[in-house]
1. Check every one of the strands (runs of 3 or more DSSP E) wholly within region 295-346 and list those with 3 or more residues that are open to solvent by less than 10 Å² (accessible area, probe 1.4 Å).
2. Could you please give the count of residues in region 446-489 that are among the acidic types (Asp, Glu), buried (at least 16 other Cβ atoms within 10 Å of the Cβ) and at pLDDT below 90?
3. So the check is Cβ under 8 Å with 6+ separation or different chains; which pairs have a first residue in region 903-928 that's free of Cβ contacts under 8 Å to residues at least 40 places away in the same chain and under 20 Å from Asp881 (Cβ atoms) and a second one that's open to solvent by 80 Å² or more (accessible area, probe 1.4 Å) and not charged (D, E, K, R)?
4. Take region 601-618 and flag every residue that is in a loop (DSSP other than H, G, I, E, B) and buried (at least 18 other Cβ atoms within 10 Å of the Cβ).
5. List every residue pair whose Cβ atoms lie under 7 Å apart, where the two residues are 6 or more positions apart in sequence or sit on different chains, the first residue falls within region 325-344 and is under 15 Å from Pro390 (Cβ atoms), and the second residue, located anywhere, is aromatic (Phe, Trp, Tyr).
6. State the number of residues belonging to region 47-96 that are in contact (Cβ under 8 Å) with a residue 24 or more places away in the chain, in contact with a strand residue (DSSP E or B) (Cβ under 8 Å, 6 or more places away or on another chain) and outside any loop (DSSP other than H, G, I, E, B).
7. Given the options Ser216, Ser173, name the one that is on the phi > 0 side of the Ramachandran plot and touching a Pro at 6+ places or on another chain (Cβ under 9 Å).
8. Of everything in region 657-675, what is closer than 17 Å to Leu615 by Cα and of a type outside the set (Val, Ile, Thr)? Give them in sequence order.
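The values are calculated or read from the model by the stated rules, or taken from the named source; none is laboratory data. On a predicted model such as this, the values are computed, not experimentally measured, just so you know. For neighbour counting, all protein chains shown are included, and Cβ atoms are generated from backbone atoms with ideal geometry for every residue, glycine included. Accessible surface is based on the protein model in full, side chains and every heavy atom, while ligands, DNA and RNA are left aside. Shrake-Rupley method; radii C 1.70, N 1.55, O 1.52, S 1.80 Å.
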Amino acid sequence: MRNLKLLKSLSSSELRAPGSPLRLAVRADTGSLLVASHYSITEYDPRTGQVVSEASLAAAGFLPEDGSGAVVGLQDLAELESACLSTAGGDVVLFNFNTCQEVHPAAAWDDRSPRVTWRGDGQLFAVGAVCPRTGARTVRVWNREGVLQATSEPADGLEPALCWKPSGGLIASTQRHPNKHSVVFMEKNGLLHGDFTLPLGQDQAKVKDLLWNSDSTVLAVWLEDLSAGEDQQVNASIQLWVVGNYHWYLKQSLDFGGDPQRAPVCVCWDPERPLRLHLATRGWTSVTYDWGWATERSPGMDGADGAHVAVIDGDKILVTSFRRCVVPPPMCSFELQLTAPVNQVTFLCQPQRTNQLAALTSDGRISVYVEDSGEQVGRTSDGFRAASRPLVLRKTFRVAVLGAEPLALRQLLWLEDELFVGVSSGLPPTSSTLMMLRPSRDADDTLTVSSEVEVDGVVVSAVHGSQTGTVALQLEDGQIRKLLWDGPDPSVEEWRDATGGCVNFPVPCVQTALCSISGEERLLGLTDRSHLYAGDTEMPRGNLETVHHRALVLAQIRTWLDSLRFRESFECMRKLRINLNLLYDHHPKVFLENLEAFITQLDSISHINLFITELKEEDTTSTMYPRGPEDRPVQARPVAGQKKVDVVCDALRGAMESMDPNKFFLCVLTTHVKKTEPELEFLLFLVNVNDLYEHSLGTYDFDLVLMVAEKSQKDPKEYLPFLNMLKSLETNYQRYSIDKHLKRYRKALQHLSKCGEEHFHEALQLVREHKLHSEALRLYAADGAHHKVLFDALSCAYAEHLMEQQQAEQAGLLLWRCGEPVGALQAFASSSSWRNAICTAQQIPLPADQLALLARDLAEKLIEQRRFSEAALLLDQYAKDCEEAILALITGSVWEEALRLIYMHDRQDITETNLKPALLEAVITQTSFLEAQVSAFCRYRARLAVVREQKSRLGLLDEDGPDCPDAELFSEASSVMTGSKYSQSNSRVSSRSSKNRRKAERKKLSLKEGSPMEDRALVYTLGEILSTVDKMREEVHGLLKALVLFQFDRQAEKLQPAYEEALQLMEASVPEVWPPEGLQGPQAQFD
């Protein structure tokens, strides 16, 4: 189980505004913070520490000028470039720094601080409010249209905190019981679904808010004491909880103390960085925390190390000794109970003592635990023997490090018995301070800063090598530093390799470790994308579970070969890619004397052929795999003066022919072909001589080509001039000519691309003739200035080809990419890719009048394709013709968007002249269409019942129609036609292509009375009618809303029941048309 380790924090006091902060949100597009107070809303950038902009809410009339108002909700709306805030008075305000407008709420809320939380996809939101009837708090779930979806079940003690999990599964709230205080989870139907208990006493604190981070892995609980403590101050804190194996762990606890100026008043998670938390204090201080996942383990490399892993769980540490037992969390080997919540755990970095650990708690104390000094491992309370030696508390230090905010000390390392090193934020926030902590001379239970080291950069990780004592630091940009801590004056220097070069990670790593590679200490880093780096070098990726050392493998193979274990040797060599020639080269004489054993053990035609094809004249025992001094001396070749390949092939062939010539026939042929002078007469019996000539020419080996030609009956006058011409060419152009002759055009293009720019036009012609555009673009990659010209020319040619293939949008992308915006604009316009067309037009750029004309042309095409909303956008934003845009929306029945544009452009006259008449016309059209569909449905349903009754009476089944081999002999009148004319027609039908066959099958589904498949045609048509009527839901719904809005109640009252009756009629007919035991139809339409 991983822990949370603080990587960095940013703090600034530049945030100033009237009043006190009330709500905090993060702008997703800029990363800046939105802070709402009693008077104003402020945009603040925590990275620069500057206020970006500020606007008064009181001056605009949204909040009282005396500061008595309150903002109870603040949410960034990135798609609208605005912020939505809600006030205690029940108003919802949509605000940006250019304009602000009040939005009427979806429902009327009371003024008792309701809480609103949205689901991550924006489709649902939950509202927690006090029920006027019962006085208890209730959670209601609504959809984005303001329709109530669910109300929570009665839950006594439900509190105001409310937050919807971004992944959409659960809604978090808090509930106070008589004996505990819990965080509870509700489903979207309002039912409770799980909880966990907060470590709080009875009536100790209240939960001000709950906040999920963006990836739903961490839940922040913001607490504040209900009453003042002994110092008459109210303490505030934030707890971070994570879940694993159905157990909730308290991983971090931020204690802000009782100073009201340090207390947080606004808290929120970053939407882009899941583990980044922003908060603002009442004293106008902004703090940003960045966490990362870390596994705290003992660093020892010796047998004394218990492989301890420590898991933080509130005020307990769950320790598991993996050397002795493996248990999943939350189970563990033993627990360490502390007096305060734990924030950091570190193990001692000393050999033989790495099992000792220290824990930094939220109250600023470090507790040191060492192994029990008892010689025998004790027994537990239940009588069982403990599996590992537990740790016992030795000492507790108070850390005298002053910090204005919690977690001022991070990246804690325990270097020696009484020496700790930690990291804190420096001034400015882009730097860090390393603090060496030792016991104070005045009080040995207090750790004070003995020395400090400033680091130019934010330290995000620190690692200690237990063997060498080296401390390596990683900065947030991947730079590596070395801490020289064992001298009187600690210092930090750059990390350098053995050659003196500076070493840094190319990208920041989430995990780091020190190791020794070839005697040099290296820092390993693993990124969040699982890329492993050794310094600035990325390690090879692959299967790291098994590593085979080549020297050990060769030693084992030689042992097997000495024992004549050919099968084990072959399988190992094939698996680990050892050259198979070693089977013969190891002991040539022994191999030839035991060929039958070799063949018997392999017992595979493919394996024997693989060995034969890999044979070559090279002696691998003197080149690839040289013998060691302890190996046997090199043996003399068994037959002097002969070539190795010929000797092995002849010997293998003889052995296989004597064993089973039929079984090893293919292997015998392979030995003939593999010989240094292939015995072509054997191949000529198997293949056509012209084919063999072509294949030999494809090897580019002219000696082989001449050998094949001489064995054939070809006239030298036919091939010698051609071969001589090829020999005179440059190598790459020669191979291009051969491949083109053999119609291997892809390989021809590969060789021609290597011949230089003077042959580019020839390559371009080859590409156009044989459609090799993709291959050409890969070969002529734009990696240089001159190559870019060639690449662009090929791209234009490819674009022309795509235009011919009616793929204009892809052609436009190619032209745009290679710097031809004019051609790209034409391609995009012809494909109705209007967004890309507008982009290229503005890149050219087109004058305003031509841009408007282009927008009109594109809008006309979109209207023809019934893409009315997109056409309206073009007409409104680019053609600047709001009237045409509104008319397009009216034509497409997009009533709500048309109404929006009418009021945006103050064209209420169009409502009377166009919108209302179109609504009335749409009612008439929809009503007539519904009547026609219902009439047809009833007519076909009645006919289907008659047809099924006739077939049932005649004993015919539905399935017999299409599967009957003589079905095509029946005419549309279901009479049997005889004669050669119809027989020939059926023969032609059976030989049609698949496309025509499908068309013929559709033609069989005729609605003509008496046709053999009339019942299937009726069922198909009824399904089409049902699907058509069902798809009208959204269109009829939108039309009804518009009719009600403009007080056309009579027309709406006519259309709605007509459509409802049509749906009910068709739903009731589903079992009749598609009986469950028969043909299956679209019953799911109404499920």
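1. Numbers: elements: 308-313, 316-321, 334-337.
By residue number, 308-313, 316-321.
2. Start the filter on region 446-489 by keeping residues that are among the acidic types (Asp, Glu), which leaves 452, 454, 456, 476-477, 486, 489.
Restricting the remaining residues to those that are buried (at least 16 other Cβ atoms within 10 Å of the Cβ) gives 476.
Filter again for at pLDDT below 90, leaving none.
So the answer is 0.
3. Taking only residues 6 or more apart or on different chains, the pairs are Ala918/Thr891.
4. Of the residues in region 601-618, the ones in a loop (DSSP other than H, G, I, E, B) are 603-604, 614-618.
Passing the criteria: only Leu615.
5. From region 325-344, the pairs are Leu336/Tyr369.
6. 17
7. From the options Ser216, Ser173, the qualifying one is Ser216.
8. Residues of region 657-675 closer than 17 Å to Leu615 by Cα: 666-675.
The answer is Leu666, Cys667, Leu669, His672, Lys674, Lys675.
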